[in-house]
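A.B. asks: Got a structure for you, written out below as structure tokens; questions coming shortly.
The values are calculated or read from the model by the stated rules, or taken from the named source; none is laboratory data. Computed from a prediction, not measured in an experiment: that's the story for all the values here. Ideal geometry is used to build each Cβ from the backbone, glycine not excepted, and the neighbour counts take in all protein chains shown.
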Amino acid sequence: MEKATLGPTNTETRLCGAYYLGEGAALGLVHSWIVAVVGRRSRHLGEDRADIIQDVHRRLLNNLNRNSFRGESTFKTYVQTVTQYTCIEFARSQHRRRRADVILQELPDPSPGPEQDLLAAERAELAARLIRSLPETHQRLYDLIYRDRLDYQTVGRKLGIATGTVKSRANRFRISLARMAARSRWRQVSDGKDSS
């Protein structure tokens, strides 16, 4: 007894070839098989049915080009299987996309709101006022370090002092500025100007 060899029948081979070449009757028949499967899944696919159908055609042509259809089933079953897997992949990708959208919606907006903008403006105005009230040597140090963004070594060369001296003066400058800001804040609260 001889074993039957698996492979596409002549009819299946002709149908595959006609579809691959874009012959109207074969193309219409395969298209109807795809539409039938997509139609059964339309509730999950929404408005993307046409894109999915196009994607199935693309996959089928790529598979036929690579000789992936081995004739282990009928060509119709093969087309239906490729269509089902394409629909499943699409539904999964939509689910992942929706989950990602939900996660993004749950993330807080990193941009400052109007209250933060107002507080930042008030802090900047207070800092500018406090810096203007400092002695001129401290103001010069502030300008070189923070406005001009020079490193301590370069500031030391410009002022003719050692780098360690620049660091200690910058530290004293920051401490005195923080104390002045705290006193200014305390005065605002005691004067009744605090809005919080």
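A.B. asks: GLY164 fails exactly one of the following numbered conditions: (1) small (Gly, Ala, Ser); (2) at pLDDT below 85; (3) loosely packed, with under 11 Cβ neighbours inside 10 Å; (4) in a helix (DSSP H, G or I). What is the number of that condition?
C.D. replies: (2)
A.B. asks: Could you please give the count of residues in the range 65-91 that are part of a helix (DSSP H, G or I) and either hydroxyl-bearing (Ser, Thr, Tyr) or out of contact with any Phe, Trp or Tyr (no Cβ under 8 Å at 6 or more places or on another chain) (or both)?
C.D. replies: Qualifying residue count, the range 65-91: 13.
Conditions tested, residue by residue: (1) among the small types (Gly, Ala, Ser); (2) touching a Leu at 6+ places or on another chain (Cβ under 6 Å); (3) at pLDDT 80 or above; (4) not assigned by TED's automatic domain parsing to the domain that holds PHE173.
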residue: ARG98; (1), (2), (3), (4): no, no, no, yes
residue: ASP101; (1), (2), (3), (4): no, no, no, yes
residue: ALA121; (1), (2), (3), (4): yes, no, yes, no
residue: GLU125; (1), (2), (3), (4): no, no, yes, no
residue: ARG129; (1), (2), (3), (4): no, no, yes, no
residue: ARG132; (1), (2), (3), (4): no, no, yes, no
residue: PRO135; (1), (2), (3), (4): no, no, yes, no
residue: ARG140; (1), (2), (3), (4): no, no, yes, no
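A.B. asks: Another question about this same structure. State all residues of the range 112-146 that are under 20 Å from LYS158 (Cα atoms) and among the hydroxyl-bearing types (Ser, Thr, Tyr); if no residue qualifies, say none.
C.D. replies: THR137, TYR142, TYR146
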